[in-house]
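The values are calculated or read from the model by the stated rules, or taken from the named source; none is laboratory data. What you are looking at is a predicted structure, and each value in this text was computed from that prediction instead of being measured. Here the Cβ is made from the backbone with ideal geometry for all residues, glycine too, and neighbour counts use every protein chain on show.
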């Protein structure tokens, strides 16, 4: 009877050991997967920045950009562009730091916190880009109304005829809102497809980590 009790205790001890080994293996796999996902989030954000920068450079000599440059609104655009670059580099830095933290993490609780922080940072990054796109459109609309000779001439002609200039403003605003809705929808879909897939995988890792009893 005593030998049987000793055997049961030994078996339970071995079973616990196997569970511990299994949990460590699962943690290592989750850690490796999460580290890879966060690295790709950082890489994709950099590639995205390079893509938009390249498109901006290629459009620099276009007719539209030359016409916009002729307005000489650097005092409006330059501060706004600086805010955009500062915001982007802030998020690049955060993505890089999250990657470093998640790579150096050797604790499940720390890994969970880093995963949650990364997801929050990505969501903030997406909203920053969407808000920046909306603000850019509003600024461009303001510049068109106040600096574009053709628009100003048309408004003056409408006013001289005794018609309400509100109609002109209303048409421009409606057209801008339609294009803005399409543009924002495109941006949201882009981020949904690119970052959404990575965030789903990261959340799955988070759920698996919660099951591990450390």
Notebook entry, point to check: Do we find a residue being over 30 Å from residue 151 (Cα atoms), modelled with pLDDT of 75 or more and surrounded by 11 or more Cβ atoms within 10 Å (Cβ to Cβ) anywhere in region 17-27?
Noted result: yes
Notebook entry, point to check: With respect to the numbered conditions (1) in a helix (DSSP H, G or I); (2) at pLDDT 75 or above; (3) closer than 30 Å to residue 145 by Cβ, which one is the sole condition not fulfilled by residue 116?
Noted result: (3)
Margin query: Can you confirm whether residue 131 is within 15 Å of the chain's Cα centre (by Cα), at pLDDT 85 or above and in a helix (DSSP H, G or I)?
Written below: yes
